[in-house]
1. Within region 118-132, what residues put their amide N at less than 18 Å from the label point 7 Å along the Cα-to-Cβ vector of residue 107?
2. Taking 41 Å as R0, compute the FRET efficiency from the Cβ-Cβ separation of residue 138 and residue 72 and round it to 0.05.
3. Enumerate the calculated ³J(HN,Hα) couplings along region 77-85 in order (Karplus 6.51 cos²θ - 1.76 cosθ + 1.60, θ = phi - 60°), each rounded to whole Hz, writing x wherever the residue is Gly or Pro.
4. Report the full-extension gain for the segment residue 87 to residue 148: residue separation times 0.36 nm, less the Cα-Cα distance, to one decimal in nm.
5. Show which lysines lie in cross-link reach of residue 75 when reach means a straight Cα distance below 23 angstrom and same-chain residues fewer than eight apart are skipped.
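Where a number appears in this text, it was derived from the coordinates with a stated rule and is not lab data. Because the structure is a prediction, the values reported are computed rather than measured. Here the Cβ positions follow ideal geometry from the backbone for every residue, glycine too, while neighbour counts run over all protein chains shown.
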Amino acid sequence: MKKLLLSIAAVLLVTTPVAFAAEHDHSGHGMNYLGNAPATSAHQEVVDGVKATFNVQTMKDAMKAMGMEMPKGVKETHHISVSFNDVKSGKAITEGQVAVKVQAPDKTTQTKELMGMHGHFGADFTLVKKGSYGVMCKFKLQDGKERSAKFWYTVK
């Protein structure tokens, strides 16, 4: 239970600046809440009129950027997030169900439901082995249509 609470606290700490950014136009600062792909995005694609932008960030880097130390007991190493925008209007889509399955280089998998977090959906994953990870996402947004996206992410 303690590890779960620490993990949730870490996610909240990582996403606090995101909550602030979602309410302000930071398109020139690499944020993705207005449909602009940040320089650090891991993958972006359009699926049936919805632009999905994925970001992969180490927990350590996220905590360091906020001037904080990594909480003890957190085993997850990376935060994977995805934001969705309507292609026609550019408006953020913030409601829906999102799940991500990550396949490690050794073929083991992790599957998690992503939590809505002020403009994006995200969850923490353990990506400890070097190599290519398959990231598969299924999402059902406000229009009720099921969509999917997938890409490879390399841990060096």
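1. Once the point is set 7 Å along Cα→Cβ of residue 107, 129-132 turn out to lie under 18 Å by backbone N, inside region 118-132.
2. Details: r = 33 Å, r/R0 = 0.81.
Rounded to the nearest 0.05, the efficiency is 0.80.
3. 10, 9, 10, 9, 10, 9, 10, 10, 9
4. Working: separation 61, 0.36 × 61 = 21.96 nm, distance 1.59 nm.
Working it through step by step, the gained length comes to 20.4 nm.
5. Within the straight-line cut-off, residue 75 pairs with 2, 3, 60, 64, 101, 107, 112, 129, 130, 156.
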